[in-house]
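Trainee: After the structure tokens below, expect a handful of questions from me.
Please treat every number below as a calculation from the coordinates, not as lab data. Small disclaimer: the values here were computed from a predicted structure and weren't measured. Heads up, the Cβs are rebuilt from the backbone with ideal geometry, glycines too, and the neighbour counts pull from every protein chain shown.
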Amino acid sequence: MKQVKSISLPSNKRKSALRGAAIGLTLAGLLACAPVIDNRGYVFDESLLPELKVGTTSEADIIGLMGSPSTVSTLNGGAYYYISSKFVTESYRAPRETERRVLAIFFDADKKIRDLGFYTLEDGNVVTIIARTTETQGRELTFLQQIFGNLGRFESGDGSNF
């Protein structure tokens, strides 16, 4: 059999290669832990806000200026809401909302701006949803009981049983 000779790098080259690999692995590990920032919703252009004038700017002007709102309300004359959120995801954790900005534009009966509101994440309230169930009379049947439960119970067209 033929013996294969191992090739050994000189000591300095080996140390340099190991040092480069260690630095590369460290940088890859640090980059994997970097947070991912996700901006969602309407991206605010602060320079457009002074053009919104109470009593003069109409609904159509706002659409032309700012585009379609994130959501629309039809209560009390109506309102447009432009909503922007910033979420941060760190490694394996669930996304966490770190910033929220809401521009609310309220309209009067003539569809002109009645009032402006600006809200942030600190202004929001957490609403807990209560799940309620209504109990019904009778017993719960399994799938097979539902299928085979009516075997032998046949009725003729006139309402009498066979």
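Trainee: Which whole-Hz ³J(HN,Hα) couplings does region 52-61 yield from phi under the Karplus relation 6.51 cos²θ - 1.76 cosθ + 1.60, θ = phi - 60°, glycine and proline marked x?
Mentor: So the J values, rounded to whole Hz, are 8, 10, 5, x, 10, 6, 9, 4, 5, 4.
Trainee: In what order do Ile105, Ile23 fall by count of nearby beta-carbon atoms within 10 Å, going from fewest to most?
Mentor: On the way: Ile105 21, Ile23 10.
Placing the least packed residue first, the sequence is Ile23, Ile105.
Trainee: Can you compute the FRET efficiency between Ser70 and Thr133 using 1/(1 + (r/R0)^6), with r the Cβ-Cβ distance and R0 = 41 Å? Round to the nearest 0.05.
Mentor: On the way: r = 33 Å, r/R0 = 0.81.
FRET efficiency, Ser70 to Thr133: 0.80.
Trainee: A further question on this structure: Reachable aspartates and glutamates from Lys53, Cα under 19 Å, same-chain residues fewer than 8 places away excluded?
Mentor: Candidates past the 8-residue exclusion: Asp45, Asp61, Asp108, Asp110, Asp115.
Trainee: A further question follows. Over the Cα atoms of region 34-132, compute the convex hull volume and normalise it per residue, giving Å³. Please report the intermediate quantities before stating the final value.
Mentor: On the way: hull volume 13.1 nm³, N = 99.
With only Cα atoms used, region 34-132 gives 133 Å³ per residue.
Trainee: Could you give each residue of region 92-101 its phi-based ³J(HN,Hα) in whole Hz, using Karplus coefficients 6.51, -1.76, 1.60 with θ = phi - 60°, and x for Gly or Pro?
Mentor: 8, 6, 5, x, 10, 6, 9, 8, 9, 10
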